[in-house]
Amino acid sequence: MSDTASADTRQVHPEPNAARLSVLYAVVFVEIGIAMPFMPVWLNALGLDPTVIGALLALPIAIRIVSTAPLVGLIDRGIAAPRILLVGSLVLAATYVLMPAGAAIGWPVLALLIALNAVAAAPLVPSIDYLTLSAVRRSRHLEYARIRMAGSIGFLLANFAGGTALGALGERLAVPLLLTVLALIAAAVVVLARVDAPPTPPPHPDGGRPRLPGVLWLSIGAAALIQSSHAAIYAFGSIHWTTHGISTAWIGTLWAIGVASEIVLFALIGRLPARWRNPFVLLAFGGGAALVRALGLAWFGDRLGPVIVLQMLHGLTFGATQLGAMAAVSRFAPDGARGRAQGTVSSAGALASASATLMTGVAYQAGGGPLTFALMAPLAGLGLCLAARAARSARAFGLHTTTFVGQHTGSRDQP
């Protein structure tokens, strides 16, 4: 009897801690919120040629495309996600602190450091997603959206605080210093938070790797295409608004409105009817909003009032799409391939977004903002079609689709 009790005790896992996961998201996204807008400013402050700056900024995107899925897939091979987070954060800190010296030697050395930095950064967010989805599946008290919301809040605060820090410390010092400190804080959080990694799944019966089901591939493709429709806004939104007389203060506010709407969605999504929270409905919300946003910006993107309203759709275009993709991974990725599925979402999104960004450069030169924004509509529309195809596929195979990453479902069966 004591042996049985002992065995039962070993099988009991502690309740996952939402606060620890939220802190992980927050610190990593604060780092991203500094790097994304201010790394180009730092490179420009070094006096580098614009062509070199463009190549250095494109390098991390290319690396993310090819490295994210294999690196996050290491989780399926027995390497714990917290270990990936710790090593990645330490390598980030080392590369950030060396970048000023590398730039002084020459841009090829700086490029090497940026490449190593990108490899280290690639698995961080997908690894936290992996841990969070695992925690949500184990506890009926946790919601993915509310935990992930901490990342969006951190990103928004970093945007505001980063500008102040640059003004106080100077561009050349503030960016590498802040990013180094934030990467070290992230490493410390990983160690101190002691987030429990889920147990490694048993080996696949035939000795190979379990395949990702077709319905998941369709969902990943839908999410990647919908997210890639943001490329025009990310690349040329601020430029287009400035050329049409919208002040720089308002441009900052417009970006803040987009992130704030995303935070509101994450906070309130759990209150929506259950039928609205399955993967395909969420993807449809995201794709439909992206279609409206693209066409709206093409027609009214030079007027402040309509742009304010259209920026509010970011909560759906990004937030609902992100939640839909995570819901699909949580529901349809088989044990032993969850890490690979998580990395594939990121890699596919990076590939689609990079391709769309290249297209926007050509479009903006040929037809300005209206053409550039309009060309994002077919991407959103195609994403909608893939989401609908995924839903039909799930129904055809009798797969349960009401799972939402913000709720425990009690069902662990896999298609």
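Numbers at a glance
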read-out	value
Relative compactness, the range 16-197, computed as alpha-carbon Rg over 2.2 N^0.38 Å	1.04
Degrees, to the nearest 10: 321-332 long Cα axis against longest axis of the chain	20
Net length gained if the chain between SER355 and LEU371 were fully extended (0.36 nm per residue, minus Cα distance)	4.1 nm
Label zone at TRP299 (point 7 Å along Cα-to-Cβ), backbone N below 19 Å, the range 221-263	233
Selected from HIS240, HIS230, HIS314 as most flexible by GNM, with the chain as the system and alpha-carbon contacts under 10 Å	HIS240
In range of the label at ILE61: residues from the range 228-254 whose backbone nitrogen is under 17 Å from the point 7 Å along Cα→Cβ	228-240
Contact order normalised by residue count of the chain, Cα under 8 Å, 6+ apart, percent	27
Fewest-first ranking of MET36, MET359, MET376, using other Cβ atoms within 10 Å as the exposure measure	MET36, MET359, MET376
Pairwise Cα inverse-distance average, inverted: Kirkwood Rh of the range 333-374 (Å)	12.1
Estimated D of the chain in µm² per second, where Rh is the Kirkwood radius over Cα pairs and Stokes-Einstein applies at 25 °C, 0.890 mPa s	111
Full-extension gain in nm, ILE308 to VAL362, via 0.36 nm per residue minus C-alpha separation	16.8 nm
For the range 231-309, the fraction of alpha-carbon pairs in successive 5 Å shells from zero, as %	3, 13, 21, 24, 15, 12, 8, 4, 1
Whole-angstrom gap from the range 22-48 to the range 326-357, using each part's C-alpha centre	23
Selected from ILE185, VAL66, LEU142, residue furthest toward positive end of dipole (the range 16-197; charges at beta carbon)	LEU142
Kirkwood-Stokes translational diffusion coefficient of the range 212-409, alpha-carbon pairs, 20 °C, 1.002 mPa s, µm²/s	126
Degrees between helix 18-45 axis and first principal axis of the chain (Cα, 0 to 90, nearest 10)	20
Helix axis angle, 279-300 relative to the chain longest principal axis, alpha carbon, degrees	10
Relative contact order of the range 16-197, pairs being alpha-carbon contacts under 8 Å that are 6 or more residues apart, as %	48
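A short reminder: the numbers here are calculations on the coordinates, not readings from a lab. In this text the structure is predicted, and so the values were computed from the model without any measurement. Every residue, glycine as well, gets a Cβ built from its backbone with ideal geometry; the counts of neighbours run over all protein chains shown.
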